[in-house]
Amino acid sequence: MTATRAPDLIVTGARVLTMWADRPRAGAVAICDGVIVAVGDRAEVEPLAGPSTRVIEAGGATVLPGFVESHLHLVLGGSELTHLSLVGIEGEATLTRAFRAFANDNPEAPLLMGQGGDYGLIGRPMTRHDLDRVIADRPIAITAPDHHTVWANTAALRAAGVLYGADTPPGHEVVMGDDGTATGELREFEAFAKVIALGGDERVNLGIATGRDPSPWPDAAALAVDREKAARGLAHCAAHGITSVINMDGNRYTLALLDGLRAEGRLTARVKVPFHFKPDMAPDMLDEAGALTADYADDWLSSGMVKLFMDGVMDSRTAFRLDDYPGQPGHRGAGLFGQDEFARIATEADRRGLQIAVHAIGDAAVRRTLDGYAAARAANGPRDSRHRIEHIELLDRTDLPRFATLGVTCSIQPVHGPGVLDFGLDGMEPFGADRLRDAFLCRDLQAAGAMVCFSSDWPVTDISVLRGIRAQLVRTPYPGAGDQRLPLSDTLAAYTARGAWAAHMERLTGTIRPGLSGDLVILTGDIEAVPEAEIDALGIRATIAGGRVTHGG
Ligand SMILES: [Zn+2]
C-alpha cells in the first residue's frame, strides 16, 4: 500500500459552495498535484495537512469553483486594456478631456484608441469632424462596445488611406458623406481594419474578423508582442476569479499565442478556442476546425468548437428579427447565413463531432439557428452535442421549448441588457417598446428546461463576474417581460458548473469535488450574507487554477 502524499494546498475556514449535488456545502478543500483530493468540514480536511502543505484560512468567506467565463474575447480584450476606456463617458466635453489626457500619457502612440464608446456618446451620430474637435493633429479612433462600429478622426482616416472611401465586402461600409469623403463612421471589420492596423492590433483582430491566420505567419518579435496581449488578458481573468475561458473567436494563431505562454509557464486559465467559420468560407474549411481539435486537446488548451455569426447587433439594427425595427417599415436585418446554407454547415460540423456556437441576437437569427440544429439532428441522429446559441437578446416565445427539445445551450450575457450594467437605457429603442417583453428571457428559458450559462463577452462589457452577478440580481425588469432575473444560486451555477457543462468541461472543472481540477475562487466575504446590491463590493481574495495560485493569495 502506498502512502498518500499530503496535499499541496488546503483552503479552510470557508463557506464552500461546491455546485456538487452530493455535497453542496463544505468548510474546506484540499488540493494535491493540481487535483481536488478532499472536500469536507475543516475537522475532516485539516488533519490531511503535512509539513509542506500551504494552508489558506478563508475567514468565513465564500469559496466557489473557479469562474467559467462562457463567452469572451481574450486576446482582443488583453490588447484593449492599454486603450483609453470610455465606459461611462458621456458628452463631448468629457470625451475631449479623457482623450487629451490619454494623448499626453501616450506621446508616441501612432493611434490613440478609445474603447467602449457608447453609440450615444455625444448625443448624436458621431463624425470625423466631431473627433477632429477632440484631437485633430494625431490619429484617434473609438470602438463601440459591441466592436461592430469604429469612429475615426480625419488624421486616422487619412493615415489608413480610407478618407476617400474603400472597397469593402457587403455588410462592411466606410460610410461616405455627400462631399465624397468618409464621414468617420466605419461599419464592420473590413471597413475599419486599416485604422485598427495603425495601432498594431490587426493580427489579434483576425480571430474575430476573418477567422483566418495572419499571412505571412508573424515573426518572433510580432509573436512576442501579441503574446503579451494574451498574457494581459489572462492576468485580467485571474484577477476576477476566472479559471476557464471560452474564447468566442478563434484561429490557429490564437492557440499558438496561448501555447507559447504555456511554454513559459504563463497560461493561467483553461482556454477553449473555436474555429471561426465565416460566410465566405467553403464547407471544407471545417477541416481546419478538425485540425485545431486534434492539435489542441488537453485540460488547458482545447478547441472542438465552431463559432459562427448569424446576425449583427441591436444597436446598429443589424440583428436579424422577425418583425420590423421601430420606425423602419420593411427593415428586419438579415441572416448572415441563408437557411439552407446554415443547415448544411451545421449538419456537416455536427457530423464531424464538433460543437457549434452561433451568435444570434434577433429572434429570426435564433430561429434560423434552431432550425439548423434541428436539421443536423435529423440528419445525424441525436448526440450529446450541446450546440449553443450565444446572446439570444430577442426571442419569439413559441421557440422557448425548442432549446430543451434539441438540447441547445443558452449562452446569455444578462449584463448586455439596456440599463443593466454599463449600457444606457437608449439601447431599448431598437427593440421597440412592444418587444421588450421578449428580451433577455433568462428565467423563461431556464423554466422551459434549457441550460443557461452566463458571461460578459469581455471586452464588450466589464469582465467582473461579481459586478455581473450584482447587475443580474438587481436589474429592473423590462415592461411586460416579467421578472427574468435568476436567483443567486442559479446565477452562481451559470458562472461555474453550467458554464463548464456548456463547454463539455464538467469532468474537469466547474464543481468542487474530489477528482476534479483544483480550480477555486476565494472571495473576500460571504456572498450569501451581503445584500444583493452590494455583491460587487466584495473582491477576489485569491484565484487558484489547477492548484496554482494565479491571483492574490
Ligand atoms: Zn462575443
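The values are calculated or read from the model by the stated rules, or taken from the named source; none is laboratory data. Values in this document were obtained by computation on a predicted structure and should not be read as measured data. Cβ sites come from the backbone with ideal geometry, for glycine too, and all protein chains shown count toward neighbours. The accessibility values were calculated without ligands, DNA or RNA, using every heavy atom of the protein model including side chains. Shrake-Rupley method; radii C 1.70, N 1.55, O 1.52, S 1.80 Å.
Of all residues in region 360-377, those being in a helix (DSSP H, G or I) and β-branched (V, I, T) number 2. Taken over region 268-289, the criterion of being open to solvent by less than 20 Å² (accessible area, probe 1.4 Å), within 16 Å of the ligand (Cβ to nearest atom) and over 27 Å from G66 (Cα atoms) is satisfied by F277 alone. Per the listing G265, G180, G241, the residue uniquely in contact with a Ser or Thr (Cβ under 7 Å, 6 or more places away or on another chain) and away from the ligand (no atom under 16 Å from the Cβ) is G241. A197 satisfies every condition listed in (1) buried (at least 21 other Cβ atoms within 10 Å of the Cβ); (2) more than 16 Å from the ligand (Cβ to nearest atom); (3) assigned to a helix (DSSP H, G or I) except (1). The test for being assigned to a loop (DSSP other than H, G, I, E, B) and either of a type in the set (D, E) or out of contact with any strand residue (DSSP E or B) (no Cβ under 7 Å at 6 or more places or on another chain) (or both) does not hold for D287. Among residues of region 369-396 that are without any contact (Cβ under 8 Å) to a residue 60 or more places away in the chain, those with a Cβ under 6 angstrom from a residue that is more than 16 Å from the ligand (Cβ to nearest atom) and among the basic types (K, R), sequence gap 6+ or separate chain, pair up as L370/R402; N380/R351. When restricted to residues that are open to solvent by less than 40 Å² (accessible area, probe 1.4 Å), over 25 Å from the mean Cα position of the chain (by Cα) and among the hydroxyl-bearing types (S, T, Y), region 130-167 contains 1. Within region 84-91, not a single residue is away from the ligand (no atom under 16 Å from the Cβ), under 25 Å from V521 (Cα atoms) and surrounded by fewer than 16 Cβ atoms within 10 Å (Cβ to Cβ). Of the residues in region 113-129, at least one is part of a loop (DSSP other than H, G, I, E, B), touching a Leu at 6+ places or on another chain (Cβ under 6 Å), open to solvent by less than 70 Å² (accessible area, probe 1.4 Å) and within 16 Å of the ligand (Cβ to nearest atom). Screening the candidates I361, I345, I356 for the property of being in contact with a His (Cβ under 7 Å, 6 or more places away or on another chain), of a type outside the set (D, E, K, R) and farther than 21 Å from T398 by Cβ yields one hit, I356.
Residue count for region 439-465 under the criterion of being over 18 Å from E69 (Cα atoms), surrounded by 23 or more Cβ atoms within 10 Å (Cβ to Cβ) and of a type outside the set (A, V, I, L, M): the result is 1. Filtering G362, G417, G468 for residues that are crowded, with 23+ Cβ neighbours inside 10 Å, more than 24 Å from P274 (Cβ to Cβ) and within 16 Å of the ligand (Cβ to nearest atom) leaves a single hit, G417. Residues considered: D490, D422, D434, D399. Of these, the only one that is within 16 Å of the ligand (Cβ to nearest atom) and either touching a Gly at 6+ places or on another chain (Cβ under 9 Å) or touching a residue at least 12 places away in the same chain (Cβ under 8 Å) (or both) is D422.
Given the condition modelled with pLDDT of 95 or more and farther than 27 Å from E506 by Cα, answer yes or no: does some residue in region 241-252 qualify? No, there is no match, as no residue in region 241-252 is modelled with pLDDT of 95 or more and farther than 27 Å from E506 by Cα.
When the residues of region 200-230 are narrowed to those that are open to solvent by 20 Å² or more (accessible area, probe 1.4 Å) and under 18 Å from the mean Cα position of the chain (by Cα), which ends up farthest from A141 (Cα to Cα)? Selected residue: T210. Checked against the criterion of being touching a residue at least 24 places away in the same chain (Cβ under 8 Å), polar (S, T, N, Q) and touching a helix residue (DSSP H, G or I) at 6+ places or on another chain (Cβ under 8 Å), the candidates S85, S79, S52 yield just one match: S79. Residues in region 510-529: is at least one among the acidic types (D, E), open to solvent by 10 Å² or more (accessible area, probe 1.4 Å) and closer than 29 Å to I389 by Cβ? No, the conditions are met nowhere in region 510-529. Would you call I356 within 16 Å of the ligand (Cβ to nearest atom), of a type outside the set (F, W, Y) and without any contact (Cβ under 8 Å) to a residue 40 or more places away in the chain? For I356, the condition - within 16 Å of the ligand (Cβ to nearest atom), of a type outside the set (F, W, Y) and without any contact (Cβ under 8 Å) to a residue 40 or more places away in the chain - is not met.
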